[in-house]
1. Which members of the stretch A:131-146 meet the condition of being surrounded by 20 or more Cβ atoms within 10 Å (Cβ to Cβ) and more than 12 Å from every other protein chain (Cβ to nearest Cβ)?
2. With C:Val115, C:Val71 as the choices, which residue is outside any helix (DSSP H, G or I) and within 14 Å of chain A (Cβ to nearest Cβ)?
3. From the set of residues in the stretch A:167-199 that are assigned to a helix (DSSP H, G or I) and away from chain C (no Cβ under 11 Å), which is nearest to the chain's Cα centre (by Cα)?
4. Quick check on the stretch B:165-182: of everything there that is within 11 Å of chain C (Cβ to nearest Cβ) and of a type in the set (Phe, Trp, Tyr), which residue is surrounded by the most Cβ atoms within 10 Å (Cβ to Cβ)?
5. Which condition from (1) over 25 Å from A:Ile66 (Cβ atoms); (2) in contact (Cβ under 8 Å) with a residue 40 or more places away in the chain; (3) part of a loop (DSSP other than H, G, I, E, B) is the one that B:Leu79 breaks?
6. Of the conditions (1) within 14 Å of chain A (Cβ to nearest Cβ); (2) in a helix (DSSP H, G or I); (3) under 27 Å from B:Cys39 (Cα atoms), B:Gly70 fails just one. Which one is it?
7. Strands (runs of 3 or more DSSP E) wholly in the stretch B:186-288 with at least 2 residues that are under 17 Å from the mean Cα position of the chain (by Cα) - which ones?
Amino acid sequence: MSDSNGWDQFGDLVGGIPLTLELTVASFAIGAVVGVPLVLARRSQFRLTRGLAVMIIDLARGIPMITWLFVIYFALPQAGIRFSQFAAAVLGLGLLTAAMMAEIYRAGIAAVPKGQWEAGRTLGLSERRLFLDVAVPQAARVAIPPTATLLIGLLKDTAIASTLGVAEITYRAQIAAQNTYKGLTIFALAAGLYIVLSLPVAALSRWLDRWLHQKWTVA
Amino acid sequence: MKPAKLSAVALAAVMAAVTLGACGSGDSASTAGAGAAECTPRHQFSTVSEGELTVALAPYEPAAYTDSSGNLVGIEGELLRQIAEWECLEIKVLPLGSYAATIPAVQSGRADITVGDIYRTAERAAVTTLTDPIYKDALEIVSKGGTVTSIQQLVSDNLRLGGSTGGLWDDDFQKLLGDNFKLYQTFQDAVQDLQAGRLDAVVMSSLGYNALTAGVSGVAGVMPPADSRVTASTAPGQATWPTNNSNPELTTALNADISELRSSGAITEALEKYDLDPELADPGEPNLL
Amino acid sequence: MGGGLLHDWAQQIGPLAQGLWVSARLAVVGLAVGLPLGLLLAIGVGSKGRSLRWACVGIVEIARGTPMLVVLQLVYFGLPQVNITLSSFVAAVVSIAVITAAYTSEIFRSGLAAVPHGQQDAARALGLRTADRLRYVIVPQGIRIAIPPLLNFAILIFQGTSLAFTIAVPELMAQAYGIGASTFLYMQVLSLAGLMYAAITLPSAAGVRLLEKRLGRHVAAAA
């Protein structure tokens, strides 16, 4: 039993930052990438593909992450697939992120005025050029704020990985709180860390938003 | 609406399939022990990973936790280290966030064993295999100044009691005290509320109480007289190590080793090392609460 | 084994259903308090007054950046140190309201910003004061645009109530862990709990999609 005032554990908490960041970046990378085929399937002409995509998105967002992590880490080994604790956490969070990014992409594309598509086709642009050069830039503007929100949320959602024993910030905070009984100070310190980590993303997003707003506002 | 209905059905199917799979026991059959030429294991059994005893751990001082170098320590930690030596195994700690994860780890074959003052109960014995009792642990009622001394007092004075999930006595107290009984994630949280005035008393194990006094002042624990309304007060809880149902050889080996540790006085020593009553080393006949 | 699972679930569903009811109440009350606050914050963030704007942005960023788990702990275990002792349920509602206000302020802001500028100009041309402009023209349209993302957020908050068990609220997750601890049937009870969350979130998500289509039709017709 240690006899500290909680601040001594700060070093322990800081040691969890790399894992927290790794979890966030890895999950976001998977989500941003997997979200693309997912949104394309979602917008497909084929009913079956659309239905399948909707099902995946709904399931990913509708089932609590703790259940997903348990399924991935404990149940999959029954089918012969074993993941490490870190991998299981990244996969679970990545799945959720992919579903949410797919919806963000979808809203972004939908926000492009119909007139743009029509004008582009009239001008003879191929579907591909139309998509990449006309739609995507305009969709990006609408998609950036929700993506920033998602990223900030994801940073904190990585706390769920503590249930699988990944030694990120929250896991360390829980252990420290148990050992020193200064749970409040420790959790407040942990909160401070998460806030500090999220500020750059939030600031960048607001700046980016203002810049794009100036660029894209039609008189 | 069709995609949503499809999702619901698919979800149910996935869940059922997965938990049905989880119902079954773990697998794996690597033979342990014979690694180093000089070491002959005392018993023959297999482990999840050859040459290693994988211990799923949700840290719980003083029963089982890790030191700064990651070694398994604590009462059960010390005992397991001795056993590992006898069986020519290296201890591999699988750190997890809570019992909610360590038990499935054993059930799904990711770990051989889990630790941490886990009590023997009939319900638990059905889904995992429990070793013989290692030591006993009683129920303590902790209050400011130790003024709450019996279960009857809790009832007659309409007192508010707190406990942590996983306590053997939870169901009994829930029935007895109704809304006056509140469950917390850890007993440390309950103690915090005791100090904030939201609770009049906290129920915990004597091991937990031992861990508690080092960090908190103004509270004292009392072992209440036996009360038939709370079974755990009539018979002490017995700490055990759950193992996977498909590995009875491991349990047999562990039981033999536990017996040896007891007769050599190692259990008493371990208890004393962590400032606990050496009498706890003799839990009596194995019982299932 | 199959029969065993259903048997287990049949025994677990009673207490879990009680927990589900608590989770639902938490979500509804928390949202009812948080949403109006979110709207106010959104208006504050967009205001011309510098100190008001900065104060609102500050509140939003701090609340958005703090994990829900920590907000819960701070409100329940921390406030008593300044003599504010809330019950578990109330503390959970306050935490949810704070998080809701912060996150939805961004959603409202996007919604308000998406109202065509022509509407602002027309309202000014008609001589409406700022307060009336907001009240009768901008806010109603902004809210309508914001409804689908708000509903999606509500679904996430409902799932977020699962963290309230850390401050001793007997909601669904708390019940699940309690049953798991005594029976060791963690996988079974956690998957049943997952199914119960899904039973609420899946139809809700489908409902939001339907709503989006209807609202979209309105916008397309107007355009």
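1. Within the stretch A:131-146, just A:Ala139 meets the criteria.
2. Values: C:Val71 fails: outside any helix (DSSP H, G or I).
None of the others qualify; the one that does is C:Val115.
3. At the first step, the residues of the stretch A:167-199 found to be assigned to a helix (DSSP H, G or I) are A:169-180, A:183-199.
Filter again for away from chain C (no Cβ under 11 Å), leaving A:171-172, A:175-176, A:178-180.
Working: A:Tyr171: 20, A:Arg172: 22, A:Ile175: 26, A:Ala176: 27, A:Gln178: 30, A:Asn179: 32, A:Thr180: 33 Å.
Across the stretch A:167-199, the extreme among qualifying residues is A:Tyr171.
4. Applying the filter and picking the extreme gives B:Trp169.
5. Among (1) over 25 Å from A:Ile66 (Cβ atoms); (2) in contact (Cβ under 8 Å) with a residue 40 or more places away in the chain; (3) part of a loop (DSSP other than H, G, I, E, B), the lone unmet condition for B:Leu79 is (3).
6. Result: B:Gly70 passes all but (2).
7. Working: elements: B:201-205, B:219-222, B:237-240.
Those strands (runs of 3 or more DSSP E) span B:201-205, B:237-240.
For (1) surrounded by fewer than 24 Cβ atoms within 10 Å (Cβ to Cβ); (2) hydroxyl-bearing (Ser, Thr, Tyr), each residue gets a yes or a no:
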position: B:Tyr135; (1), (2): no, yes
position: B:Leu139; (1), (2): no, no
position: B:Lys144; (1), (2): yes, no
position: B:Val148; (1), (2): yes, no
position: B:Asn158; (1), (2): yes, no
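Throughout, read-outs are computed from the coordinates displayed, never taken from laboratory work. Fair warning: this is a prediction, and the values are worked out from it, not measured in the lab. Please note: Cβ atoms are built from the backbone with ideal geometry, for glycine as well, and neighbour counts cover all protein chains shown.
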